[in-house]
Amino acid sequence: MAIPRSKQRRHHMRVQARWPVACQRIGRNGIAGEPFPAETLNLSAGGIGLISEQPLFRPMRVAVRLDMGELDLVVRGTVTRVDAREEGRMVAIRFDTLPIQEQLAITRFVMREARERGQLSRAIDPGTPRWWLPAA
């Protein structure tokens, strides 16, 4: 019996790339702690995948400084997944609701980087509609 694949719940385009970032744990009092280095695995307007040597756990709150040229933001989010990898701990972080200007800035950055890295095209699964038509 085959094990069903998990369903992807992503709503934002994602680019896979490595950039250095600074993270901070957010305490229960809402105050961010000391910054520590991490490296991105992927980025979207909804969240980020990181490699970190620092221990992070679900559902820890964190702040991430995105300083990538024209994209310079501090976003807050919640750790949703932690996996062990050879290069360190892989941490998935879902961003808190962002102002539309910040969502657009991240989306533009992701689209530009994905285009430059040849990540814009992706295969369509067989049986997946290529367009949606409203009911008559």
Original post:
Quick check: anything in segment 24-32 within 28 Å of L120 (Cβ to Cβ) and either surrounded by 14 or more Cβ atoms within 10 Å (Cβ to Cβ) or not hydrophobic (A, V, I, L, M, F, W, C) (or both)?
Top reply: no
**OP:** Examine segment 3-19 for a residue that is among the aliphatic types (A, V, I, L, M), at pLDDT 95 or above and crowded, with 16+ Cβ neighbours inside 10 Å, and state whether such a residue exists.
**Re:** no
**OP:** Please identify the pairs in which a residue from segment 103-115 that is open to solvent by 30 Å² or more (accessible area, probe 1.4 Å) has its Cβ atom under 7 Å from the Cβ atom of a residue that is among the polar types (S, T, N, Q) and at pLDDT 95 or above, counting only partners at least 6 apart or on another chain.
**Re:** none
Original post:
Taking interchain pairs and intrachain pairs at least six residues apart, which have beta carbon atoms under 7 angstrom, with the first residue in segment 49-70 and surrounded by 13 or more Cβ atoms within 10 Å (Cβ to Cβ) and the second among the hydroxyl-bearing types (S, T, Y)?
Top reply: G49/T40; L50/T40; R61/T78
Subject >> Members of segment 56-89 found to be touching a strand residue (DSSP E or B) at 6+ places or on another chain (Cβ under 7 Å) and outside any strand (DSSP E or B), listed by number >> reply: L56, F57, R58, P59, M60, E87
Original post:
Quick one: would you say A92 is closer than 18 Å to H11 by Cβ and in a strand (DSSP E or B)?
Top reply: yes
Subject >> Subset of segment 71-94 (residues that are over 16 Å from Q16 (Cβ atoms), touching a residue at least 40 places away in the same chain (Cβ under 8 Å) and crowded, with 17+ Cβ neighbours inside 10 Å) >> reply: R76
Subject >> Cβ-Cβ under 7 Å pairs, at least 6 apart or on other chains, segment 24-35 side on the phi < 0 side of the Ramachandran plot, far side of a type in the set (K, R) and surrounded by 10 or more Cβ atoms within 10 Å (Cβ to Cβ) >> reply: I26/R61; I26/R76; G33/R25
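The values are calculated or read from the model by the stated rules, or taken from the named source; none is laboratory data. Note that the coordinates shown come from a computational prediction; the quantities given were computed from them, not determined experimentally. As a convention, Cβ positions derive from the backbone with ideal geometry for all residues, glycine included, and neighbour counts pool all protein chains shown. These accessible areas exclude ligands, DNA and RNA; they are computed on the full protein's heavy atoms, side chains included. Shrake-Rupley method; radii C 1.70, N 1.55, O 1.52, S 1.80 Å.
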